[in-house]
Amino acid sequence: MKNILVPCDFSKPAIDAFRFALDMASLSSGTVHLVNVIELPAMPNTALTPVRALGLPLRKEMSANAERNFEKIRAKYKSENANVVSAVEFGVPAKGILAYAKKNSIDTIIMGSHGATGVKEMFVGSNTEKIVRTSPIPVIVVKEFYKGAVKDIVFAWAYECEGQAALIKELKNLQTFFGSTLHLVWINTPANFTIDATTLRRLEAFAKSNKLKNYTISTFNDLYEEQGIIEFANSINADMIAMGTHGRRGLSRMVYGSKTENIANHGKDLLWTYVMKN
């Protein structure tokens, strides 16, 4: 984590994400990019109030305000071993964040999340969800301020994780960075049940074939997979949950949902995600 992007709307979750990113960048003597993406309000385009005439002063005012907020954050939270840069972009937040990440060779995105519920969760989702679903690089979701070492990482294993070389590579890099214990777990549900002996053999084979180190294997029973992952993480006092996601969009996402996004909305642990290749 040498080049970390933190989308910042100056909310408490964004500040919590920035503070966590500072700690991570301090471990690698890296750089934290604080980026505020501003979506301009729609304005009428009339002869009396042309958009171009109003747009430039508004952009300047909003940029100046963002820069003042950046200065306050930098002054309050300092780190001797981490560099901090800031930028103001205009456009659709999720697209602007991913475009900035590509342009600046970002290796990790760390985001705060308010979570989303009800109709908003189903039809709109949060910017965090959109980035989790589409980012080509790992994303860490921070739900509340976290301080301390990341000692235990739960990896929610599924059959589709097999053969995902890029996912496993990023997962091993994550574990190595923190020096963590990796806890592989399969969640047994009534709709997707496998006997423990079979599952544990598959988990052990997966670990050995991918040359994992410092790991445990487990099964856990629950009515629903997402809740089972959260409950298992709580039962071992894990610091982080790691998951691969398919990044479903459109109708497929509405019909099948996304376990990763549900955990991003409802879990309390740090969540690391990586979009698996189809």
Taking every DSSP bridge whose two residues both lie in region 3-112, the antiparallel percent to the nearest 5 is 0 percent
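Sort TYR215, TYR77, TYR274 by Cβ crowding within 10 Å, fewest neighbours at the top. Present the calculation step by step, with values, prior to reporting the outcome.
Working: TYR215 18, TYR77 13, TYR274 25.
By the 10 Å Cβ count, ascending: TYR77, TYR215, TYR274.
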How many nm is it between the label spots at THR216 and ASP196, if each spot is 7 Å from the Cα in line with the beta carbon? 1.4 nm
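Which FRET efficiency value, to the nearest 0.05, do you get for LYS95 and ALA205 by plugging their Cβ-Cβ distance into 1/(1 + (r/R0)^6) with R0 = 35 Å?
Efficiency for this residue pair is about 0.30.
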Go ahead and run the numbers for FRET between ARG74 and PHE145, Cβ-Cβ distance against an R0 of 22 Å, rounding to 0.05. 0.80
Return the distance in nm (one decimal) between the two label points of a simple spin-label model at LYS103 and ALA158, each offset 7 Å from Cα along Cα→Cβ. 3.4 nm
Evaluate E = 1/(1 + (r/R0)^6) for ASN173 and TYR224, where r is the Cβ-Cβ distance and R0 equals 35 Å; express this FRET efficiency to the nearest 0.05. 0.70
At a 10 Å Cβ-Cβ cut-off, how would you order MET243, MET1, MET276, fewest neighbours first? MET276, MET1, MET243
Would you please give the residues with an amide H less than 5 Å from that of GLY91, counting only those at least 5 places away or on a separate chain, with H modeled from the backbone geometry? ILE38, GLU39, LEU40
Karplus couplings for region 142-157 from phi (6.51 cos²θ - 1.76 cosθ + 1.60, θ = phi - 60°), rounded to Hz, Gly and Pro as x? 10, 8, 7, 4, 10, 10, x, 6, 9, 8, 10, 10, 8, 10, 7, 7
In bins 5 Å wide, starting from 0, what share of all Cα pairs of region 77-215 does each bin hold, as a percent? 2, 7, 13, 16, 17, 18, 13, 8, 4, 2, 0
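Rule-based calculations on the coordinates, nothing more; no lab input. The model shown is predicted, which means the values in this text are computed figures rather than measured ones. Don't worry about glycine lacking a Cβ; one is built from the backbone with ideal geometry, like all the others, and counts go over all protein chains shown.
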